[in-house]
1. Taking region B:114-158 as the region of interest, how many residues are more than 18 Å from the chain's Cα centre (by Cα) and open to solvent by less than 10 Å² (accessible area, probe 1.4 Å)?
2. Quick one: which residue in A:V255, A:V299 is buried (at least 17 other Cβ atoms within 10 Å of the Cβ), within 33 Å of the chain's Cα centre (by Cα) and not hydroxyl-bearing (S, T, Y)?
3. Can you tell me which condition B:K71 does not meet? The list is (1) in contact (Cβ under 8 Å) with a residue 40 or more places away in the chain; (2) assigned to a helix (DSSP H, G or I), and all the others hold.
4. Can you tell me which of A:A219, A:A245 is facing another protein chain (nearest Cβ under 9 Å), outside any helix (DSSP H, G or I) and open to solvent by 10 Å² or more (accessible area, probe 1.4 Å)?
5. Note down all Cβ pairs under 9 Å where the first residue falls in region A:173-184 and is without any contact (Cβ under 8 Å) to a residue 40 or more places away in the chain, the second is among the acidic types (D, E), and they're at least six residues apart or on different chains.
6. I'm trying to understand the selection: among the residues of region B:138-173, which are within 28 Å of B:T118 (Cα to Cα) and in a helix (DSSP H, G or I)?
7. Can you pull out every residue in region A:302-325 that is closer than 30 Å to B:H248 by Cα, in a loop (DSSP other than H, G, I, E, B) and either more than 7 Å from chain B (Cβ to nearest Cβ) or within 34 Å of the chain's Cα centre (by Cα) (or both)?
8. Determine, yes or no, whether B:H248 is assigned to a helix (DSSP H, G or I) and touching a Pro at 6+ places or on another chain (Cβ under 8 Å).
Amino acid sequence: MDEIKSQQVTFKLFRFNQETDYLPYYNTYVLDITHEEVILDVLNRIKWDHDGSLSYRRSCRHGICGICSIKVNGKAILACKSRLFDLIEVFGTELTIEPLSTKRALKDLIIDKEDFWNKHEQVTPFLVSDIDENPTLETLVVPHDAEKLLEADYCIQCGACHYSCPALEINDRFIGPAAFAAAFRFAADVRDDASLERLHVVNEEAEGVWDCVKCMECAEACPKDVNPIEKITKLHNMIFQAGIAKDNVATRHAVGFAHSIQKHGLLDEGELVRYSEGNIGVLKHMPEAFEMWKNGKIVMPWNMPKSKNLDEVKKLMKSSSTVKF
Amino acid sequence: MEKFRYALYTGCTARESTPELLKSTLAIADKLGIELVLLDEASCCGASHLQDYDDMLSLVLNARNICYAEKLGLTMVTICNTCQLNTAMTKHRLDTNPELKAKVNEKLAEVGLEYKGTSEVTHFLYAIIQDYGLENLSKKVSVPLSKFNIAPFYGCHNIRPSELQNLSNGGENPYNPTSLDDLIIACGGNNVDYDAKNKCCGFHAELQSPRTAAVLTGNALSGAIDANADWMVTPCPLCHLKLDVQHHSASKAIGREVKLPVLHMPQMVGLALGCTPAELGLQHHVTKVNFV
C-alpha cells in the first residue's frame, strides 16, 4: 500500500450572506491534508470541525450531479472530483476557494444559477419530436448518427464553463457555452424536429454564437470534456449549411477570410474590415487606421503580399469548399 | 552548441500590421544563431473564423501549410498564437483520424502534396525555452532588463485548450502559466503578476461585439497598470494589435485611461540581447515605446 502523504495547506474561503452582509469576506484555515483528499473533503472538515455555518452544495460525490462546482484560484472545478495534490501542483499551498460567480453569491459558495437555467431554456434543451405515444418499435439511432453528438450529451449542467466565459461576464444577453452545447446536442440529434428553430436562436446578434470571443476558457473549464467551443464552431457551420446566416458584420467577417485567401493566399486585413463592416461602417475604424498607417502598419492594396504558389491555394479553394454564402 | 533550424510560419499579421514582429523575430534568431526558413508558400490559417464558415476548407489549407514544413524536414514554428492554435488543431485532428487525413490528402494530391504528420508545430516562445534553453539565453543577455517591471500577457491560443497545447505546444497550465514569466526573468527583467495575464484580449470579437472586446482589452491593460508594470510583453500579434492600437476604445469602455507600451516577445528578447530599437521595429508601435 502507498504511504499516506500529508501536507499543510492554507485555505482562503469566501464568505458572504446576502441577508446579513454588505460585503463578502474571507476566512483563513490552515489544515493538514492528505494526498487522497478532494476539495469537498476539506469543505466538509471545515464545516464539521470549525464552522457549521459554512454553506455549499453537495450531493452525489461522484462527479455526475454537477452541484458542487466552485472555483479554486480562479479555476472552475467539481469539489468532489478535484484532488488537492493536483491543485497544489498548479497553485502551490495557498488555495482560495470561491463560488463559481462571486457576484451571484447567495450564501458562501452557493450561487443563484437562475441566469444559467434561463439561457438553457432559451435553446429548448429537450428533444422536439412528433413520435407516436405508443410506439410499436424503438426510434433507432445508428452509431454513426449517435457519434454526431460529439460528447455534447455528457454535460452535467454544473455551470463551470458558463461562469468561466468572459463574453458572458460582460454581455449578459450572450447565451453562453453551456446552453450552446445543449443547443448543439439537440440540433445534431437525427430524431429532433426543432433544429432550425434552435439555429435561429443561436444566430441572433449579441445573444448568439457570433459574440463568442474564442478564448477557449469553456473547453478548459469543463470537468466532463464536453468541449463547448467545438460545439459553438459546429453551430456556426450549421448556420451556414442551413443557409440561414444573415448578411451582417459577423457572418461577413467569417466569409471575408475565404475571399482574401482566394485572392492572396494571405489575409488582406484592411479589406477584411471593409468587407465585414461595409463601405459606411468601415468609417468608424478610420481613427485607428490612421494611427496604424502613420506608424507603417497598413499595407496598401497594391503592395499586398501574396503566398508563393498561389495557384495551389486557388485550386484547393475551388475543390475543397463545402459551403456557399 | 547545437544549431537550431526551423520552418517559420509567419502568419498574415507579421507581414502586414505588425511588421515589427517579423523584423524582431529574424533579428533575435540571427543573434542566437537560430536558422529560420520562411514558409513563403503558406496561406492564412483562417484565424478561427474561416473555421466557422468552412471546416473542410480550413483543414485542407492548414494541412497544406504544414506540408511545406514537412518537405523541409523541419519543425514548424509560429509567431502568432492563433496560427499556432489552428495549425496544431489541424495537425492533431489529422494525426488522430486516418479517415479525415485521407480525405484531406485526396484534395492535397490535386496540387501534388501529401500531409504525413512528420513535422511538429510549436510557437517560437516554446522553441526558445525548450530547445535553445533559458540558461543559454541568459548567457547571451548583454543589456539586462533589470530596471523594468514587465507584465506578461500570454494570449489564449498559446495556452488553451491545454489538451492540445500539451501535445504540441508549451504544455503549461493555463491557470498558472509560467513560460513568459520565466523568459522575462531570463532577460533580467522583473515579472509582474496580475489576474488578467492569462485572460482574453477580446480580439476575435472586435468587429461583431466591440464592447465585449474593448472591456477585455481594458481589463488587461488596467490589471497590468495596477500591478505597477512599466510595459507589457506578449507572444501574440493579435493581442498586440488590441493592446497597442485599441487603448482609446478600451479606456472608453472601462471608464479609465489605460495606455501602456506593449512589446512583442522577440522585441523584449532583442532588447536584452542588445539589438537597436530600429532592428526591432519599435518605431511601428502606436503606443510609443518611450523607455529605450
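1. 4
2. A:V255
3. It fails just one condition, (1).
4. On the way: A:A219 fails: outside any helix (DSSP H, G or I).
Result of the check over A:A219, A:A245: A:A245.
5. A:R173/A:E204; A:R173/A:E207; A:R173/A:D211; A:F174/A:E207; A:F174/A:D211
6. Step one: filter region B:138-173 for residues within 28 Å of B:T118 (Cα to Cα), giving B:154-173.
Residues satisfying the conditions are B:C156, B:H157, B:N158, B:I159, B:S162, B:E163, B:L164, B:Q165, B:N166, B:L167, B:S168.
7. Here is the first cut: in region A:302-325, the residues closer than 30 Å to B:H248 by Cα are A:302-305.
From the residues that got through so far, the ones that are in a loop (DSSP other than H, G, I, E, B) too are A:304-305.
If the condition is that a residue be closer than 30 Å to B:H248 by Cα, in a loop (DSSP other than H, G, I, E, B) and either more than 7 Å from chain B (Cβ to nearest Cβ) or within 34 Å of the chain's Cα centre (by Cα) (or both), then A:M304 is the only one that fits.
8. Numbers: assigned to a helix (DSSP H, G or I): yes; touching a Pro at 6+ places or on another chain (Cβ under 8 Å): yes.
Against the criterion (assigned to a helix (DSSP H, G or I) and touching a Pro at 6+ places or on another chain (Cβ under 8 Å)), B:H248 qualifies.
The values are calculated or read from the model by the stated rules, or taken from the named source; none is laboratory data. Treat the numbers as computed from the prediction; the structure is a model and nothing was measured. Please note: Cβ atoms are built from the backbone with ideal geometry, for glycine as well, and neighbour counts cover all protein chains shown. Please note that ligands, DNA and RNA were not included when accessible areas were found on the heavy atoms of the full protein model with its side chains. Shrake-Rupley method; radii C 1.70, N 1.55, O 1.52, S 1.80 Å.
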